[in-house]
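Chemist: One structure, pasted below without further comment.
The values are calculated or read from the model by the stated rules, or taken from the named source; none is laboratory data. Computed from a prediction, not measured in an experiment: that's the story for all the values here. A quick note on method: Cβ atoms are made from the backbone with ideal geometry, for glycine too, and the neighbour counts reach across all protein chains shown.
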Amino acid sequence: MIVLVTGSSGHLGEALVRVLTRDGFEVVGLDVVESRHTDMVGSITDRSFVRRCMGDIDAIVHTATLHKPHVGSRSRQEFIDANVSGTLNLLEEAVDAGVRRFIFTSTTSTFGRALTPPSGFPAAWIDEGVTPLPKNVYGVTKTAAEDLCQLVHRESDLACIILRTSRFFREYDDRAEIRDAYTDDNVKVNELLYRRVDLDDVVSAHVSALERASAIGFGRYIISATTPFRRDDMAQLAEDAPSVVRRYFPDYEAIYAPRGWTVFSKIDRVYVNDRARRELGWSPHYDFRWALDRLFANEATQSPLAISVGAKGYHGASTYPYGPEGLP
């Protein structure tokens, strides 16, 4: 299978090129930024360039995007051009070229305001049945691109799988109050409970989507580490998260204590990956239990792939914590 990976110079794109190539796929990398993982340098907003990239492509994995960190430095029109028009260019050229599978990397940011319940309410249980309520142009354009995928699928033979990924970046947290109160590693391990996923598991989800796309046709899936929590934990998580975590992981405090770490006092949402595991046959490996065991053994709490790719920042972004000074 020949796979076109857009955003191949980026964090996820590089990881995908590495793994797909290792697994025997023929990979063509596309990006606006040159790198050793990129074969075609140009923008997906350029329709003629996109057409030239199709060749004998069998499948597209579309990770290229303007990200949330670009919101402060790029115009809304630039977001529409890259995330909406660029996606449409890829979809329509894929159909014209006879491509049969299209995997779109979306984001849990599409849920937007649905992620933060009002004070006094239980934490939000976020599965694919939750209606997106985007709160910035990033979420709006990713939601629009998802809808374009569905539209083109309905009108053609192009199988489209949408993967709404939770946090997997290595950069420092964007919330100053969190950066001030917790070490970066503490934050990222805490988030594996409810809103983070390791890069290796994100890549394996894309590979699973490639393998299942033709049989599924169209689907949207949340890609996040498997949470230990259940629906009936939501009220207590919003008020006293450590007590809930203690129930599931009685040893976590003893493992955290030597590092001076703590669990967040409250948790406002929980991402649920049940559908992705069931329908994609996806088997995520890197969860909170795995991280605790690694901490106990004084070993790294990221996968070897995540460590190898490292923190890359965001092209054109320079504001803290997204620029070079925000790379761990």
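Chemist: Consider region 110-165. How many of its residues are of a type in the set (Lys, Arg) and either surrounded by fewer than 20 Cβ atoms within 10 Å (Cβ to Cβ) or touching a Pro at 6+ places or on another chain (Cβ under 7 Å) (or both)?
Modeler: Our first condition is that a residue be of a type in the set (Lys, Arg); within region 110-165, this holds for 113, 135, 142, 154, 164.
Checking which are either surrounded by fewer than 20 Cβ atoms within 10 Å (Cβ to Cβ) or touching a Pro at 6+ places or on another chain (Cβ under 7 Å) (or both) leaves us with 113, 135, 154.
The qualifying residues number 3.
Chemist: Oh, and also: Quick one: which helices (runs of 4 or more DSSP H) sit completely within region 234-309 and have at least 1 residues that are closer than 22 Å to Phe111 by Cβ and not acidic (Asp, Glu)?
Modeler: Working: elements: 234-248, 252-256, 274-279, 288-296, 304-309.
Helices (runs of 4 or more DSSP H) meeting the threshold: 234-248, 274-279, 288-296.
Chemist: Would you check if there is a residue in region 267-288 being in contact with a Ser or Thr (Cβ under 9 Å, 6 or more places away or on another chain), at pLDDT below 95 and surrounded by 14 or more Cβ atoms within 10 Å (Cβ to Cβ)? It would help to see each step written out before you state the result.
Modeler: At the first step, the residues of region 267-288 found to be in contact with a Ser or Thr (Cβ under 9 Å, 6 or more places away or on another chain) are 268-274, 276-277, 280-288.
When the remaining residues are screened for being at pLDDT below 95, the result is none.
Checked region 267-288: no residue is in contact with a Ser or Thr (Cβ under 9 Å, 6 or more places away or on another chain), at pLDDT below 95 and surrounded by 14 or more Cβ atoms within 10 Å (Cβ to Cβ).
Chemist: Only one of Arg212, Arg220, Arg195 is within 21 Å of Thr262 (Cα to Cα) and surrounded by fewer than 22 Cβ atoms within 10 Å (Cβ to Cβ). Can you tell me which? Spell out how you get there, then give the answer.
Modeler: Details: Arg212 fails: within 21 Å of Thr262 (Cα to Cα); Arg220 fails: within 21 Å of Thr262 (Cα to Cα).
The match here is Arg195.
Chemist: Being of a type in the set (Asp, Glu) and in contact with a helix residue (DSSP H, G or I) (Cβ under 6 Å, 6 or more places away or on another chain), is that true of even one residue in region 157-179?
Modeler: The initial filter retains those residues of region 157-179 that are of a type in the set (Asp, Glu), namely 157, 171, 173-174, 177.
Applying the additional criterion that residues be in contact with a helix residue (DSSP H, G or I) (Cβ under 6 Å, 6 or more places away or on another chain) yields 171, 173.
Among the residues of region 157-179, at least one is of a type in the set (Asp, Glu) and in contact with a helix residue (DSSP H, G or I) (Cβ under 6 Å, 6 or more places away or on another chain), which makes the answer yes.
Chemist: Can you give me the ranges of the helices (runs of 4 or more DSSP H) entirely in region 3-107 with at least 1 residues that are at pLDDT 95 or above and either within 24 Å of Ile222 (Cα to Cα) or out of contact with any Lys or Arg (no Cβ under 8 Å at 6 or more places or on another chain) (or both)? So that I can check it myself, show each step before the final result.
Modeler: Working: elements: 11-22, 47-54, 76-79, 86-97.
Per the criteria, 11-22, 47-54, 86-97.
Chemist: Residue by residue through region 141-179, note down the ones that are at pLDDT 90 or above, among the basic types (Lys, Arg) and over 24 Å from Gly281 (Cα atoms).
Modeler: If the condition is that a residue be at pLDDT 90 or above, among the basic types (Lys, Arg) and over 24 Å from Gly281 (Cα atoms), then Lys142 is the only one that fits.
Chemist: Does at least one position in region 85-104 carry a residue that is in contact (Cβ under 8 Å) with a residue 60 or more places away in the chain, within 18 Å of the chain's Cα centre (by Cα) and surrounded by fewer than 20 Cβ atoms within 10 Å (Cβ to Cβ)?
Modeler: no
Chemist: Going by the structure shown, is Tyr138 among the aromatic types (Phe, Trp, Tyr), within 30 Å of Val3 (Cβ to Cβ) and modelled with pLDDT under 95?
Modeler: yes
Chemist: Evaluate the following for Ala225: is it surrounded by 23 or more Cβ atoms within 10 Å (Cβ to Cβ), closer than 24 Å to Val3 by Cα and among the small types (Gly, Ala, Ser)? Break it down into steps so the answer makes sense when it comes.
Modeler: Details: surrounded by 23 or more Cβ atoms within 10 Å (Cβ to Cβ): yes; closer than 24 Å to Val3 by Cα: no; among the small types (Gly, Ala, Ser): yes.
So Ala225 fails the test.
Chemist: Here's something else I'd like to know. Only one of Ala145, Ala114 is hydrophobic (A, V, I, L, M, F, W, C), farther than 30 Å from Glu253 by Cα and without any contact (Cβ under 8 Å) to a residue 24 or more places away in the chain; which? Walk me through how you get there before you give the answer.
Modeler: Working: Ala145 fails: without any contact (Cβ under 8 Å) to a residue 24 or more places away in the chain.
After applying the criteria, what remains is Ala114.
Chemist: Need pairs with beta-carbon distance below 7 Å; first residue crowded, with 19+ Cβ neighbours inside 10 Å and within region 178-189, second of a type in the set (D, E, K, R) and outside any helix (DSSP H, G or I); sequence gap 6+ or separate chains.
Modeler: Filtered contacts from region 178-189: Val187/Asp173; Lys188/Arg196.
Chemist: Take Ala238 and tell me if it is in contact with an Asp or Glu (Cβ under 7 Å, 6 or more places away or on another chain) and over 30 Å from Gln77 (Cα atoms). Lay out the reasoning, then the answer.
Modeler: Values: in contact with an Asp or Glu (Cβ under 7 Å, 6 or more places away or on another chain): yes; over 30 Å from Gln77 (Cα atoms): yes.
Here the answer is yes, as Ala238 does meet what is asked.
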